[in-house]
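The values are calculated or read from the model by the stated rules, or taken from the named source; none is laboratory data. Being a predicted model, the structure only gives us computed values, none of them experimental. Here the Cβ positions follow ideal geometry from the backbone for every residue, glycine too, while neighbour counts run over all protein chains shown.
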Amino acid sequence: MKPFPFGRLWLSPMESVSDLGFRSLCYQHGASLTFTEMIRGSALVQGNKATVSLVDSYIPSIKTGIQFLVSKKETLQKALAMIDAGIQKKDGRFSNLSVIDLNFGCPSPEIINIGQGPALLKRTMKMKELLTTLRNASPLPCGIKIRLGLNEFEKQQKIYLRVIEIANDVGLDYVTVHAKTAADASTMPLDEKALQEIVAKARIPIVGNGLIVDGPTAKRMLDFGCSAVMLARAAVGNPWIFEKIDSYLKTGKLYTEKRTATEYQEAWGTYAAIAKTYGTKKKFYDYHHWMFGLRMQGDKGYHSPSRILETG
Ligand SMILES: Cc1cc2nc3c(=O)[nH]c(=O)nc-3n(C[C@H](O)[C@H](O)[C@H](O)COP(=O)(O)O)c2cc1C
């Protein structure tokens, strides 16, 4: 297996969450790789301004992957060429990217109904075409994020193993696995048996995702043979989770953190300063403002950005 250069604590791509300020905070607190939110490939290559502004790899020290939602080979080729051009021009926006990722996991009906995301997993020829294009035309290390299938039927057919075979053959740098189907609720347990099957079949690194909330849940994934773990909801309003998990992985000891109001204020201040310097969308700014405010009041729960999007 190729060496795995991106560390073992990754921040997930999250729509309306993963802007530069939030990624920076997570990176400062131990995330080894972070991702932009899912970027629609077709809107990007058409030069849609709102979409282009989601690409924000302005700070070179922060390891950032870009995630695309794409279903056509030609669109993928154009999007990869845009990244390549940005890298050549050292444009800041694209030029500090480290990784290119394709999303085959988004469970949103809006995505599935147009045949994108996890709806593509069962289409072996299509997957081969997209993953080969990604591998051959990507100027950067590249991988994919998958679920086990669209639904229970596809999972029973083990379509995920066909995807892993393609990823092996093509030689992707990693596959991130959220070991559920797209029909499963976000609170449903992972299918650990399927994840273990995948790890056994893979000749490339597997990144485990889903329901990682602390050191022991991260260690469990790594013990299954995953090369890294990817966290989403547990990092929202809590960028310190990465150093906490790292400490557990190194020492085997759990500690209870008592964050002070000052620490939350400082984290918010860092976020807001980056947002001011480099710009961000209102949806990101309002969401993090709300979440750090809730955390400061002692709220430890996860709250989706949908409320901000509805009211903002
Ligand atoms: C608000 C939110 C936005 C998300 N947006 C994306 C996205 O853009 N791309 C993606 O691949 N997954 C996205 N996801 C899914 C997460 O990356 C992750 O797979 C899922 O939340 C499971 O991880 P967790 O249990 O650590 O939250 C999103 C999840 C949340 C909560």
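Quick notes on this structure:
- Meets criteria (more than 20 Å from Phe35 (Cα to Cα), among the basic types (Lys, Arg) and at pLDDT 95 or above) for Lys258: no
- Total residues in region 147-177, condition near the ligand (Cβ under 10 Å from one of its atoms) and touching a helix residue (DSSP H, G or I) at 6+ places or on another chain (Cβ under 6 Å): 2
- Test result for Ala232, closer than 22 Å to Ser186 by Cβ, modelled with pLDDT of 95 or more and of a type in the set (A, V, I, L, M, F, W, C): yes
- Test set (1) of a type outside the set (Asp, Glu); (2) free of Cβ contacts under 8 Å to residues at least 40 places away in the same chain; (3) within 16 Å of the ligand (Cβ to nearest atom); (4) assigned to a helix (DSSP H, G or I) - Phe68 fails condition number: (4)
- Criterion violated by Lys180 - all others in (1) within 16 Å of the ligand (Cβ to nearest atom); (2) in contact (Cβ under 8 Å) with a residue 40 or more places away in the chain satisfied: (2)
- Looking only at residues of region 1-31 that are among the hydroxyl-bearing types (Ser, Thr, Tyr) and within 16 Å of the ligand (Cβ to nearest atom), we find that the one that is farthest from the chain's Cα centre (by Cα) is Ser16.
- Taking the criterion of being closer than 23 Å to Asn103 by Cβ and either more than 18 Å from the chain's Cα centre (by Cα) or more than 15 Å from the ligand (Cβ to nearest atom) (or both), the residues of region 200-216 that qualify are Lys201, Ala202, Arg203, Ile204, Pro205.
- Any hit, region 296-305, residues being surrounded by 17 or more Cβ atoms within 10 Å (Cβ to Cβ) and either part of a loop (DSSP other than H, G, I, E, B) or assigned by TED's automatic domain parsing to the domain that holds Leu20 (or both): yes
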